[in-house]
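Novice: One structure, as C-alpha cells, below. Some questions next.
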Amino acid sequence: MTIAVDFDGTIVEHRYPEIGKELPFATQTLRMLIEQRHKLILWSVREGKLLDEAVEWCRKRGVEFYAVNKDFPEEVEGKNRSFSRKLKVDMWIDDRNVGGLPDWGTIYQMITERKSYEQIMMERFSTEQPKPKKKWWQF
C-alpha cells in the first residue's frame, strides 16, 4: 500500500516552523509499516531547509520515506509527463482529516487489518453480546 503521511500535527506536535515533540508511537508505527513493505511518502507543506530538517528528523528515528512531496523518488517537476501535485496514494494520514487524527495504534490497526475507523470503533465499544444461535429443534 502507498501511504502519504503529513509531518506537522501528525508525526510531531504543531510547532511550525519549529519541529514539535513526537506524537506517541508515530515513528515506531511508521517503522513497522515500512518493515511490512508499505511505501510511505512524506507529504508536507514544508519546503527547502524546513523540509530537509523534517526529513532528517525522521531519518534519525529510523523512518526513511519512499519519496518526499512526490509520487516516486525520481519524479522531477517539469520533466515527468505525469508530474502532479496530487499524489496517487491508497491512504492519507493527516491531522486535518475529518474527525481528526486517530491515535497511532488505531492507524496501524486500520492499515494492517484493512478496516475503517468506524469498524474498529464499533468493535471496541460494542456492548451488544452476540445472540446465541437457536438449535434447529427449538422454536
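Novice: What nm value, rounded to one decimal, do you get for the distance between residue 103 and residue 53 when each label is placed 7 Å out toward the C-beta?
Specialist: With each label placed 7 Å out from Cα toward Cβ, I get 3.0 nm.
Novice: Tell me the Kirkwood radius of segment 1-132: reciprocal of the mean inverse pair distance over distinct alpha-carbon atoms, in Å. Please list the in-between numbers first.
Specialist: Details: mean 1/r = 0.0626 Å⁻¹.
Hydrodynamic radius (Kirkwood, Cα only) of segment 1-132 equals 16.0 Å.
Novice: Within the set 60/86; 60/88; 88/115; 21/115; 21/88; 60/115, which residue pairs have Cα atoms separated by over 25 Å? Could you put the intermediate results ahead of the total?
Specialist: Numbers: 60/86 28 Å; 60/88 27 Å; 88/115 20 Å; 21/115 29 Å; 21/88 29 Å; 60/115 31 Å.
From 60/86; 60/88; 88/115; 21/115; 21/88; 60/115, over 25 Å: 60/86; 60/88; 21/115; 21/88; 60/115.
Novice: Ok, one more. Quick query: amide H of residue 19 versus all other amide H atoms, modeled in the peptide plane; which residues come in under 5 Å with a sequence gap of 5 or more or a different chain?
Specialist: For residue 19, whose amide H was placed from the backbone, there are no distant partners under 5 Å.
Novice: For a quick check: with amide H placed at 1.01 Å from N, whose amide H comes under 5 Å from residue 5's, ignoring anything fewer than 5 positions away on the same chain?
Specialist: Under 5 Å from the amide H of residue 5: 41, 42, 43, 93.
Novice: Could you grab the relative contact order for the chain? Cα pairs under 8 Å, six or more apart, rounded to a whole percent.
Specialist: Values: 145 pairs, mean separation 38.6, N = 139.
Value for the chain: 28 percent.
Novice: Out of residues 5 or more away from residue 12 or on other chains, whose amide H comes under 5 Å of its own, with H placed 1.01 Å from N in the peptide plane?
Specialist: For residue 12, the qualifying residues are 23.
Novice: Please go through segment 1-105 and write out the chymotrypsin sites (Phe, Trp or Tyr not before Pro) that DSSP classes as loop and that have at most 16 other C-beta atoms within 10 Å. Don't skip to the end; give the middle numbers.
Specialist: On the way: sites: 7, 25, 43, 57, 65, 66, 83, 92, 104; in loops: 7, 25, 43, 65, 66, 83.
Filter output for segment 1-105: 25, 66, 83.
Novice: In square angstrom, what is the accessible area per residue of the chain with a 1.4 angstrom probe? Provide the component values of the computation, followed by the final result.
Specialist: Values: 9830 Å² over 139 residues.
Value returned for the chain: 71 Å² of accessible area per residue.
The values are calculated or read from the model by the stated rules, or taken from the named source; none is laboratory data. Just so it is clear, the structure is predicted and the values come from calculations on it, not from any experiment. Virtual Cβ from ideal backbone geometry, glycine too; neighbours counted across all protein chains shown. Heavy atoms of the whole protein, side chains included, go into the accessibility calculation; ligands, DNA and RNA do not. Shrake-Rupley method; radii C 1.70, N 1.55, O 1.52, S 1.80 Å.
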